[in-house]
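Notes to accompany the following structure.
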Amino acid sequence: MPIPSAIAPTRIHDTPARIALLAPPEPPDRDSSTSVAKALSLLSSFTPHHPTMGVSEIARRAQLPKSTAHRLLAVLVNWGMVTKRGTEYSPGARLSELAALSSRPDTQELRRVALPHLLDLYERTHETVNLCVLAGTDVLYVDKIHGHNGVDSPACVGSRLPASNTAVGKALLSFSTPNTLARVAGNLRPATSLSISSSSQLSRELESIRTLGVAYDRQEARPGLTCIAAPVRSWSGAVVAAISISGPVQRFRPPNAVSVIRAAAAGIAKSSQELSWRHQVSN
């Protein structure tokens, strides 16, 4: 079954912006460059202290007429750079994806190698599929294919979640350094009543994962969402990433997906060996 474009993972070479970059250069257009500058000033209006604003406040911060801000925001929303909820705007998921690529350029090769296996997992399960790496005590979402009619995921590409609350995070922590484990255990951030909440519970869970070779999230990141994950090894045998399948508890049964998640993780490892991939994860 072909993958619907709405759920296909974003790839830079597929975007209109990338296609435009490949076209022959044209003479500079003063109006176009001015519009770009105005759009960038709108994006720069958002700050950690003001992540959500109405058009009037955005226009004031960008020092633009309200009508101009409204028109350019509509374009940014269409491109996924800005999200609109009601009358308020906030940075969009596409910005998070670009930020992830710029902050971790080493993940680009990982995404390319893993993509065929992620697509295969989706074809087999039609549930949400994730690719993650460890970033300090969090997991960084590197790629994602959204499943059908599932519980909203707590993370998009480029976002982070506490590693101890997720199946991918626990799969990575199971083979992480003692220093990283100590930092995670000393700063547990439960998201639900079922999240890991003590260092002893974390130790028992990670030991079980080392034995089974897979990790589970039993509504620990979000109520109603369950997940299974497996670690991905590099050419050297080091665990450098994790993949997962997640879905609503009413429909998805993680134990039934053990064989397919293991096979996908092994396939990514084999592909990375063939390409002499040298990805290393910083803990």
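Just want the answer: with Cβ charges of +1 for Lys and Arg and -1 for Asp and Glu, which residue in His148, Ile268, Leu194 is farthest toward the dipole's positive end in region 105-274? Most positive-ward Cα: Leu194.
In this label model, Gln108 and Ser67 are separated by 4.1 nm, measuring between points 7 Å along each Cα→Cβ vector.
The residues packed around Ala264, meaning those with a beta-carbon under 13 Å from its beta-carbon, carry a net charge of 0 if Lys and Arg are +1 and Asp and Glu are -1. Here region 105-274 is described by how far its Cα atoms reach on the three principal axes: 38, 38, 29 Å, from widest to narrowest.
On full extension, the segment bounded by Leu98 and Gln201 gains 33.5 nm, given 0.36 nm per residue less the C-alpha separation.
Each reported figure results from applying straightforward, stated rules to the coordinates on display, with no laboratory input. Computed from a predicted structure; not experimentally measured. Don't worry about glycine lacking a Cβ; one is built from the backbone with ideal geometry, like all the others, and counts go over all protein chains shown.
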